[in-house]
Amino acid sequence: DEVDAMLDESNVGRFAEAVKKLADATQFIIITHNRRTIEMADHVYGVAMAKNMSSSILSLRLSELAPNQ
């Protein structure tokens, strides 16, 4: 759970690079709130709670988004 929560910006960058190097041979599921970690992902899944307390699921394939979004 949030493996990068206690990392400073420099170490988040190192963590992201290590994950990228290993991603060709390994699939990772990373739980994070860190924007830099999210930005290096191929897919992002999120769960949000609506006002009526129901959950909704978000799924994004980042490669399909325009570069300025």
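Leaving out ligands, DNA and RNA, and with a 1.4 Å probe, what % of the accessible surface on the chain is carbon or sulfur?
Numbers: 3260 of 6020 Å².
Here carbon and sulfur together make up 54 percent of the probe-accessible area.
The packing ranking, built from the mean of other Cβ atoms within 10 Å per residue, places the peptides 56-63, 12-19, 39-46 in the order 12-19, 39-46, 56-63, highest first.
The gain in end-to-end length when the L22 to R61 segment is fully stretched comes to 12.1 nm, 0.36 nm per residue minus the alpha carbon separation.
I need the calculated FRET efficiency for the pair K51 and D8, taking r as the beta carbon distance and R₀ as 35 Å, to the nearest 0.05. Numbers along the way, then the final one.
Working: r = 36 Å, r/R0 = 1.02.
Working from the Cβ atoms, E equals 0.45.
Dividing the summed -39500 (n - 2.57) terms of all DSSP H runs of n ≥ 4 by the residue count of the chain sets its mean residue ellipticity at 222 nm at -8000 deg cm²/dmol.
In cubic angstrom, how much convex hull volume per residue do the alpha carbon atoms of the chain span?
Values: hull volume 8.7 nm³, N = 69.
Residue-normalised Cα hull volume stands at 127 Å³.
Looking at the chain, the accessible area is 87 square angstrom per residue; that uses a 1.4 Å probe and ignores ligands, DNA and RNA.
The values are calculated or read from the model by the stated rules, or taken from the named source; none is laboratory data. If you're wondering where the values come from, they're calculated on a predicted model, not measured in any experiment. Glycine gets a Cβ as well: all are built from the backbone with ideal geometry, and neighbour counts include every protein chain shown. Surface accessibility is based on the protein's heavy atoms, side chains included, excluding ligands, DNA and RNA. Shrake-Rupley method; radii C 1.70, N 1.55, O 1.52, S 1.80 Å.
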